[in-house]
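Each remark here refers to the structure printed beneath this line.
The values are calculated or read from the model by the stated rules, or taken from the named source; none is laboratory data. Here the structure is a predicted model, which means the values were calculated and not measured. Note that each Cβ is placed from the backbone with ideal geometry, even for glycine, and that neighbours are counted across all protein chains shown.
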Amino acid sequence: MCPVENKWVKVGQKGAGPGPRSSHAMTVVGNKVYCFGGELKPTIHIDNDLYVFDLQSQEWSIAPATGEAPFPCFGVSMVTIGTTIYVYGGRDDQRKYNGLYSYDTVTNEWKMLSPVEEGLPGRSYHSMACDDRKVYVFGGVTAKGRVNTLHAYDVVDQKWVEYPDVYKLDTETLVWERIVCGKEEEKPSQRGWCAFTAAVKDGEEGLLVHGGNCPTNERLDDLVFWGFSHLNANQ
């Protein structure tokens with residue numbers, strides 16, 4: 001049996017695209033690739049245009065936009081649920097952090113969903129994943145350093161929740177108690193620049209973290225899975 005041969009193919013590009021940059025983010029809606037943020041010179045942001053690449057015509061353009069858009073930044077991440085793009089975090093050269101924004105690819109409108117002053121504390125070089133209702137944010141670099149927290153934003157309820165810290169209320173003593181989900185030694189350490197995705201392991205849906213850059217600047221090689229059953233078991 002002959003193995004299946006896969007290969008990289010360089011895609012032709014036309015139009016005014018984002019140009020050379022790093023620390024930017026990309027996501028796909030239908031047959032279009034959206035690109036936002038980034039830096040050309042280290043820690044110097046470029047712009048806040050939302051670039052669109054049509055995979056059929058292989059042509060770049062800048063998405064028309066109304067509403068309140070994120071400011072220019074790098075170290076940003078974004079994901080797509082349905083036809084809506086969710087952009088979170090990233091910072092500018094003054095260490096000002098973006099909050100959570102959405103961009104509706106049908107109406108071409110930006111919306112501020114959660115400012116850093118009211119929602120999840122700002123960060124850059126974090127990782128994002130999503131399912132059909134929640135946007136997940138793991139790790140990253142805040143103003144205080146690297147973190148290993150896992151948060152989710154429910155796009156229906158429009159609120160943040162932190163995992164895996166789950167609390168229960170004793171209705172007799174009226175005391176809240178933190179429930180530890182899983183062993184603490186198995187929790188990923190503080191890091192940024194890591195890989196993060198939704199995944200299914202042994203039939204269980206959850207989130208998968210690999211590698212990254214720790215506070216000592218060491219590159220990591222661990223692979224950690226967090227299953228949603230940890231949450232469901234304590235509800």
Does segment 52-73 hold any residues that are at pLDDT 95 or above and closer than 18 Å to Ser22 by Cβ, and which are they? Pro70, Pro72, Cys73
Against the conditions (1) surrounded by fewer than 16 Cβ atoms within 10 Å (Cβ to Cβ); (2) modelled with pLDDT of 80 or more; (3) within 25 Å of Ser23 (Cβ to Cβ), where does Ser127 fall short? Just the number, please. (1)
Pull up segment 197-235, narrow it to residues that are surrounded by fewer than 16 Cβ atoms within 10 Å (Cβ to Cβ), hydrophobic (A, V, I, L, M, F, W, C) and assigned to a loop (DSSP other than H, G, I, E, B), then point me to the one that is modelled with the lowest pLDDT. Ala233
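Would you point out the residue of segment 144-181, among those that are part of a loop (DSSP other than H, G, I, E, B) and either polar (S, T, N, Q) or surrounded by 13 or more Cβ atoms within 10 Å (Cβ to Cβ) (or both), that is modelled with the lowest pLDDT? Working first, answer last.
Just the residues of segment 144-181 that are part of a loop (DSSP other than H, G, I, E, B), to begin with: 144, 148-149, 155-158, 164-165, 171-174, 180-181.
Among the residues that remain, those that are also either polar (S, T, N, Q) or surrounded by 13 or more Cβ atoms within 10 Å (Cβ to Cβ) (or both) are: 148-149, 155, 158, 164, 171, 173, 181.
Values: Asn148: 85, Thr149: 88, Val155: 96, Gln158: 95, Pro164: 61, Thr171: 57, Thr173: 69, Cys181: 48.
Only one residue fits best here, namely Cys181.
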Taking first residues from segment 1-15 that are surrounded by fewer than 10 Cβ atoms within 10 Å (Cβ to Cβ) and second residues anywhere that are at pLDDT 80 or above, the pairs with Cβ under 9 Å that are 6 or more apart or on different chains are Val11/Phe53; Val11/Leu55; Val11/Gln58; Gly12/Gln58
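Kindly indicate which of Tyr86, Tyr136 is in a strand (DSSP E or B) and modelled with pLDDT under 95.
On the way: Tyr86 fails: modelled with pLDDT under 95.
Answer to the check: Tyr136.
Per-residue answers, yes or no, for (1) touching a Phe, Trp or Tyr at 6+ places or on another chain (Cβ under 8 Å); (2) farther than 24 Å from Asp222 by Cβ; (3) surrounded by fewer than 14 Cβ atoms within 10 Å (Cβ to Cβ); (4) in contact (Cβ under 8 Å) with a residue 40 or more places away in the chain:
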position	(1), (2), (3), (4)
Thr84	yes, yes, no, yes
Gln94	no, yes, yes, no
Leu100	yes, yes, no, yes
Pro115	no, yes, no, no
Asp132	no, yes, yes, yes
Val141	yes, no, no, yes
